[in-house]
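The block underneath contains the structure these notes are about, expressed in structure tokens.
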Amino acid sequence: MSTTPVTMLPAVAAVISTLKAVGLGAFYDTEDRAVIAHPIQIPEEHALNGPHVMVQWGPYNNGQTSTAKASFRATEWVSDGSGFREMGTIYATPSRQPFTTEAQRCASAVREWTLKPGHTAGEVLLTALAQYGLAPGNGVSVSYNANSDSYDIPIPFTRGEHGRLSIADRDGSFRHYSGRHTGWSILLHDERGKAVGDPVHISGDGRTSVDCAVDSEFAAAVVADWVTAPFSRHCDCYAQEGHYRWHDRECNRYAAPSVARSQA
């Protein structure tokens, strides 16, 4: 990915400005000679890791200085690990139209695309968690990283200490198309932030796609069970007098939560 100052490219600057005006993130990729649009909550440096939109126009190349008339095309792309795969066309005009009008129509179509329910795997999971009152800023923190995204939910222990459950996708990102979801994993971390034991929940094999909605509902139910369970349901180590004890493999939290048992 390579970007260039939009001050040198009037038409590019106009397209980026139009996309940003409707609440999208956008930047110019000089290698593909296209504007890349992405959800505003995704940092630019991570935009290509998940679903994103390539916006192009003609009849000239995307460095054109004229903003009189043009035909626009916006296509959805996802990363497949080794490259990018085109998923479909979001917007296209059959012939040249006034540039500003077409740029606005295209931006509106791309904006609508980002609002599709269940667009990314992470959005599907957040929807499932929200059914239990767990949402960003209300019991869930979100971090987007180069190698691994995570949703973190605090878990109360004894003596006022908190650990956390960390939810991640098997391929490390929440930002892929929900149809390419390969499974959630949930890890317990103690009050020092250290991962403890085996995953309390894991699904899929990291390669084969699984039903994101079903998987997310199940993972959310597991999290809710941990959040709402009485202290005795959490590791007995934390109920003992000795503080900062390691988790015992035999502690009762390694037993599947009630929701998991009911679906086994």
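The values are calculated or read from the model by the stated rules, or taken from the named source; none is laboratory data. From a predicted model like this one, the values you see are computed outputs, not experimental measurements. Here the Cβ positions follow ideal geometry from the backbone for every residue, glycine too, while neighbour counts run over all protein chains shown.
Scanning the stretch 192-220 for residues that are in contact (Cβ under 8 Å) with a residue 60 or more places away in the chain and not hydroxyl-bearing (Ser, Thr, Tyr) returns Cys212, Ala213, Glu217, Ala219, Ala220.
Give the residues of the stretch 112-137 that are assigned to a helix (DSSP H, G or I) and either aromatic (Phe, Trp, Tyr) or surrounded by fewer than 18 Cβ atoms within 10 Å (Cβ to Cβ) (or both), sorted by residue number. Those that are assigned to a helix (DSSP H, G or I) and either aromatic (Phe, Trp, Tyr) or surrounded by fewer than 18 Cβ atoms within 10 Å (Cβ to Cβ) (or both): Glu112, Trp113, Thr127, Ala130.
Within the bounds of the stretch 35-45, is there any residue that is at pLDDT 80 or above, surrounded by fewer than 16 Cβ atoms within 10 Å (Cβ to Cβ) and in a helix (DSSP H, G or I)? Yes, that holds for at least one residue.
Pairs linking a residue in the stretch 180-191 that is in the same structural domain as Ser216 (by TED's automatic domain parsing) and closer than 18 Å to Gly163 by Cβ to a residue that is outside any strand (DSSP E or B) and among the aliphatic types (A, V, I, L, M), with Cβ atoms under 8 Å and 6 or more positions apart or on different chains, are Ile186/Ala219; Ile186/Val222; Ile186/Val223.
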